[in-house]
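Visitor: Sharing a structure below in structure tokens format, with a few things to ask.
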Amino acid sequence: MNVFLLLLMIWRPLEKPALIMEDQRFITLHVPPGVLADDDFKRRLFSGLTTSIELETELRGVSKESAVSLIEIRYDVWEELLLVRKFEPGGTVSHVSLANLDELRQWFDRVPLRIYALSAEHLNRVLTVKVTCRVIPFSKAEQHQTQAWFANLAEVPDAAQRGQISRTRNRESTSTENGGNGIFRVLMTTSIERQSVVTYKWRWTETFGRERP
Amino acid sequence: MAFKEHLVSLSLMMGACLLFFQISQRGLSDPWIQLALDPEVNEVLSIAIQNQKKLSKYEPEREATYRAQFERTQGLLAHREVLLANRGAISRRYQRVLFVLFALSLCMIAGVQLWRQRNLRRRMLVLQHNLEKLAVGATDLEPVAPKRDLVTRIGRMIEEASQLMAKDRSRLKYLENLEGWRESSRRIAHEVRTPLTAIRLELRQLVRLAHGASDGDMRDRIEHKERSITEELARLSEFTDAFSSFAKTSAPKRKREDLTAFLGEFQDLYATAWSNLTLSSTLAVDTLLVDIDRRMTRQVLVNLANNSAKALDAASGTLTFDLRRDRESAILEIRDDGPGIPESIRDRLFEPYTTTKPVGEGMGLGLAISRKIMLDHDGDLELLGSGPEGTAFRLTFPLAAAPANPPESAAIHTD
């Protein structure tokens, strides 16, 4: 019972961001910097991995439709710069370089993210907006590179036995040889999946297109 | 045990093995995964890349080298971070793969075991059927698939027992049949001999009366007829003797003999007995001790040689004796290069009164008597084969006692 109370005291739910209509055209929101509050986020980010914040928006009211927005954050360890890329509905892509995490938080507060492009039929109607926000710790390219690296790891003992230098270490090739443990290698490498480390779900019921009281 | 019971017990064993593996494998695999994905290593790598950066600032002329080292280390760190993020999934997959591999191996072992069990059961059923057949005296046994196991050995023993039984039955049947023939011969000999003696006495009386006759011409004619009748009576007497001899074939008086030496003596003694026949032999060097009646055994050999010589007619040929040891028997194969025995009589060759000779030239009792002699020696006489290239007989003698250490079998050839 005490533990439960303690957990209740510690637990702070992430504040739901407000939806803002931009130019009578887009639904936007400010991604709460709290989405990056994961303990391992900083360590992963500073290892050079690309953290993706994926927002999937589902709109109900007229018909069931969805859109995806994406923020990719990569830390250039050599240059010590945070490289942020933003992909928004309507095909808008923007880049920004930030010096540190504080600047990133400020950028989150300052710059809204478009999550849905509205059409005329959406206006002045009661709409239900559901947003699923996923924080994925690495990109697809990094997933594939690690899969290839992991697959080649299995070749290292054989190569070492033959007195050869590991190709993996020399980065000569990332292709896998079909040995006796080929199936085992495939099974193990496919266990490296791109899954979110944290997921938030928000829901609003709003009417867009008229002045709010 | 029934197949279903095996299946149930194997399934239970497999289940227990899988459960034990599942319980223990986590404890076995987790430390290794922990070791491989130790977050401390990542921290060290992180410090290392920071150091590379610092070093490049201190030694700008070597920046490219440090940058390359930096990128390599950073790449490694990134890969490890990806793995660390998937640690749970990797661990689960690893355990699942091992579990499936273990389960597959068990299934394979169980499958092979069941297959072996089923196969063994099938072979045991064949043995059971063969034993049942053996019990009722049937000889058409099913073959047991040959393998190096006890079932094959038992199957072979059943087969041997069946062959022995079949041989004994055939021998018994032959002897019973022969006994019938001998009884008939004895009766015929007796029935013929009595009037034959009376005729002979009456003939003597008639001749005596004729000697008293005054007519010389008549006397001559009677004497001539008397000689003619006496000749016919002598022939009849020969036949009666043959019948009688067949009927009175006595039991052999067996003595321990070395068959090799016996055959050598026979060859020396009868080397010139048949003008158209040359005796040749291939005799085993080692001693083959058998319990035989010398006289009767010689009679068998003489009988066979007589037949060969008569079959050759005017032509010349060779009679070969080939003696060898076969397990607990001495095998003597006698083959000639004569014209062979007609196929029509081969099946009943050892039955009395079976002959290829013209009427009046032979009774066809020689081979029947010879086989009877061999059977009385607990051996046998068989026709091995016959054709235009010659005829071969096989004589089997049971060995009296095997030498303690039989020398390596070798053969010498003498003509």
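The values are calculated or read from the model by the stated rules, or taken from the named source; none is laboratory data. Note that the structure is a prediction, hence the values are computed from the model and not measured. Cβ placement follows ideal geometry from the backbone for every residue including glycine, while neighbour counts extend to all protein chains displayed. Note: areas computed on protein heavy atoms with side chains; ligands, DNA, RNA excluded. Shrake-Rupley method; radii C 1.70, N 1.55, O 1.52, S 1.80 Å.
Visitor: Which value, in Å² and to the nearest 10, is the accessible area of residue B:73 when all protein chains are kept and the probe is 1.4 Å?
Guide: 20
Visitor: Measure up B:225/B:248; A:42/A:201; A:16/A:86; A:140/B:53; A:16/A:140; B:173/B:253 against 32 Å on the Cα-Cα distance and list the ones that go over.
Guide: B:225/B:248
Visitor: I would also like to ask the following. With solvent modelled as a 1.4 Å probe, how much accessible area in total do chains A and B shield from it at their shared surface, in Å² to the nearest 100?
Guide: On the way: alone 13530 and 26470 Å², together 37470 Å².
The summed interface area works out to 2500 Å².
Visitor: Got a number for the accessible area of residue B:228? Probe 1.4 Å, square angstrom, nearest 10.
Guide: 50
Visitor: Show me, for segment B:272-281, the HN-Hα J-couplings you get by feeding each phi into the Karplus relation (A = 6.51, B = -1.76, C = 1.60, θ = phi - 60°), rounded to Hz, glycine and proline as x.
Guide: Along segment B:272-281, the couplings run 10, 5, 10, 5, 9, 10, 9, 8, 9, 8 Hz.
Visitor: Continuing with the same structure: What part of the accessible area of segment B:182-301, given as a whole %, is carbon or sulfur when the probe is 1.4 angstrom?
Guide: Values: 3950 of 7410 Å².
C and S fraction of accessible area: 53 percent.
Visitor: Note the per residue figure in Å³ for the convex hull of the C-alpha positions in segment B:108-238.
Guide: 118
Visitor: Here is a follow-up. Taking Cα atoms, how many degrees apart are the long axis of helix B:87-135 and the longest axis of chain B, rounded to 10 and kept between 0 and 90?
Guide: 10
Visitor: Treating only the Cβ of Lys, Arg, Asp and Glu as charged (+1, +1, -1, -1), what charge dipole size does chain B show about its Cα centre? Round to the nearest 20 debye.
Guide: Values: 58 positive and 56 negative charges, 436 e Å.
Computed about the Cα centre, the dipole is about 2100 debye.
Visitor: Right, here's the next one. So what does residue A:200 come to for accessible area, using a 1.4 Å probe and Å² rounded to 10?
Guide: Number for this one is 50 Å².
Visitor: If you don't mind, there's one more thing I want to ask. Let me understand the protein assembly as shown better: what is its radius of gyration from the alpha carbons, and its Dmax, in angstrom?
Guide: When restricted to the Cα atoms of the protein assembly as shown, Rg and Dmax are 55.1, 186 Å.
Visitor: In whole Hz and in residue order, list the ³J(HN,Hα) couplings for segment A:63-80 that follow from phi through the Karplus curve 6.51 cos²θ - 1.76 cosθ + 1.60, θ = phi - 60°; x for Gly and Pro.
Guide: 8, 7, 9, 9, 8, 10, 10, 9, 10, 10, 10, 10, 9, 7, 5, 5, 7, 6
Visitor: When the distances between all Cα atoms of segment B:3-135 are binned every 5 Å from zero, what whole-number percent does each bin get?
Guide: Whole-percent P(r) values from 0 Å outward: 2, 8, 12, 10, 8, 8, 8, 7, 6, 6, 5, 4, 4, 3, 3, 2, 1, 1, 1, 0, 0.
Visitor: Within segment A:22-67, report the GluC sites (Glu not before Pro) that DSSP leaves as loop and that have at most 16 other Cβ atoms within 10 Å. Walk me through the intermediate numbers first.
Guide: On the way: sites: A:22, A:54, A:56, A:58, A:65; in loops: none.
Within segment A:22-67, no GluC sites (Glu not before Pro) qualify (loop, at most 16 other Cβ atoms within 10 Å).
Visitor: Here is a follow-up. Kirkwood hydrodynamic radius, computed over distinct alpha-carbon pairs, for chain B: how many Å, to one decimal?
Guide: Evaluated on chain B, it is 31.0 Å.
Visitor: Give me the one-decimal nm value for the distance between modelled label points at residue B:92 and residue B:6, 7 Å along each residue's Cα-to-Cβ direction.
Guide: 3.9
Visitor: Go ahead and run the numbers for FRET between residue A:81 and residue B:116, Cβ-Cβ distance against an R0 of 56 Å, rounding to 0.05. Write out the running numbers ahead of the final one.
Guide: Working: r = 69 Å, r/R0 = 1.23.
Computed FRET efficiency for residue A:81 and residue B:116 comes out at 0.20.
Visitor: Could you list the trypsin sites (Lys or Arg not before Pro) in segment B:137-241 that lie in coil according to DSSP, counting only those with at most 13 other Cβ atoms within 10 Å of their Cβ?
Guide: When the trypsin sites (Lys or Arg not before Pro) of segment B:137-241 are filtered for loop state and at most 13 Cβ neighbours within 10 Å, B:147, B:148 remain.
Visitor: Among B:188, B:228, B:154, which residue has its Cα furthest toward the positive end of the charge dipole of chain B, with +1 on Lys/Arg Cβ and -1 on Asp/Glu Cβ?
Guide: Of the listed residues, the answer is B:154.
Visitor: Can you compute the charge dipole magnitude of the protein assembly as shown about its Cα centre, using +1 on each Lys and Arg Cβ and -1 on each Asp and Glu Cβ, nothing else charged? Give it in debye, rounded to the nearest 20.
Guide: Result for the protein assembly as shown is approximately 2200 debye, rounded to the nearest 20.
Visitor: In addition: For segment B:153-166, in order, what is each residue's ³J(HN,Hα) by Karplus, 6.51 cos²θ - 1.76 cosθ + 1.60 with θ = phi - 60°, in whole Hz (x at glycine and Pro)?
Guide: Per-residue couplings from phi come out as 4, 5, x, 5, 5, 5, 4, 5, 4, 5, 5, 4, 5, 4 Hz.
Visitor: Using the charge dipole of chain B (Lys, Arg: +1 at Cβ; Asp, Glu: -1 at Cβ; taken about the Cα centre), state which of B:387, B:207, B:269 has its Cα farthest towards the positive end.
Guide: It is B:387.
Visitor: Can you tell me the equivalent ellipsoid semi-axes for segment B:116-174? Use √(5λ) from the Cα gyration tensor, largest first, whole Å.
Guide: So the three semi-axes of segment B:116-174 are 25, 11, 7 Å.
Visitor: Taking all protein chains as present, what is the carbon and sulfur share of the accessible area of segment B:3-135, in % to the nearest whole number, probe 1.4 Å?
Guide: Of all accessible area on segment B:3-135, carbon and sulfur atoms account for 64 percent.
Visitor: Hey, another quick one. Go through B:17, A:133 and list them by solvent-accessible area, largest first, probe radius 1.4 Å. Kindly include the intermediate steps, with their values, before the conclusion.
Guide: Numbers: B:17 55, A:133 0 Å².
Descending accessible area places them as B:17, A:133.
Visitor: With a 1.4 Å probe and all protein chains in place, put B:372, A:64, A:42 in order of accessible area, largest first.
Guide: My answer, sorted largest first, is A:64, A:42, B:372.
Visitor: Dipole of chain B (Lys/Arg Cβ +1, Asp/Glu Cβ -1, origin at the Cα centre): which of B:110, B:374, B:251 lies farthest to the positive side?
Guide: B:110
Visitor: Mind grabbing the base-10 log of I(q)/I(0) for segment A:32-133 at q = 0.10, 0.13, 0.23 Å⁻¹? Debye formula, identical points on the C-alpha positions, no solvent, two decimal places.
Guide: These q points yield log10 I(q)/I(0) values of -0.34, -0.53, -1.23.
Visitor: Pull up all non-local amide H partners of residue B:279: gap of 5 or more, or a different chain, and H-to-H distance under 5 Å with H placed in the peptide plane.
Guide: Hits under the 5 Å cutoff: B:319.
Visitor: Same structure again: Among the lysines, which have Cα under 29 Å from the Cα of residue B:147 when same-chain residues fewer than 8 positions away are ignored?
Guide: Answer for residue B:147, where 29 Å is the Cα cut-off: B:4, B:133, B:167, listed by chain and number.
Visitor: Across the residues of B:89-100, average count of Cβ atoms on other protein chains within 10 Å?
Guide: 3
Visitor: Taking a 1.4 Å probe, which of B:165, A:21 shows the most accessible area, and what order do the others take after it?
Guide: B:165, A:21
Visitor: Something else: Return the percentage of antiparallel bridges among DSSP beta bridges fully within chain B, rounded to the nearest 5 %.
Guide: Bridges in chain B are about 85 percent antiparallel.
Visitor: Non-local amide H neighbours of residue A:192 (under 5 Å, H modeled in plane, Pro and chain starts lacking H): which ones?
Guide: Result for residue A:192 returns nothing.
Visitor: Let me see the P(r) profile for segment B:255-414: every Cα-Cα distance counted, bins of 5 Å, each bin given as a percent of all pairs.
Guide: For segment B:255-414, the binned pair fractions read 2, 9, 18, 22, 21, 15, 8, 4, 1, 0, 0 percent.
Visitor: Sticking with this one: Please calculate how many Å² of accessible area the protein assembly as shown carries per residue, with a 1.4 Å probe and no DNA, RNA or ligand atoms counted.
Guide: Per-residue value: 60 Å².
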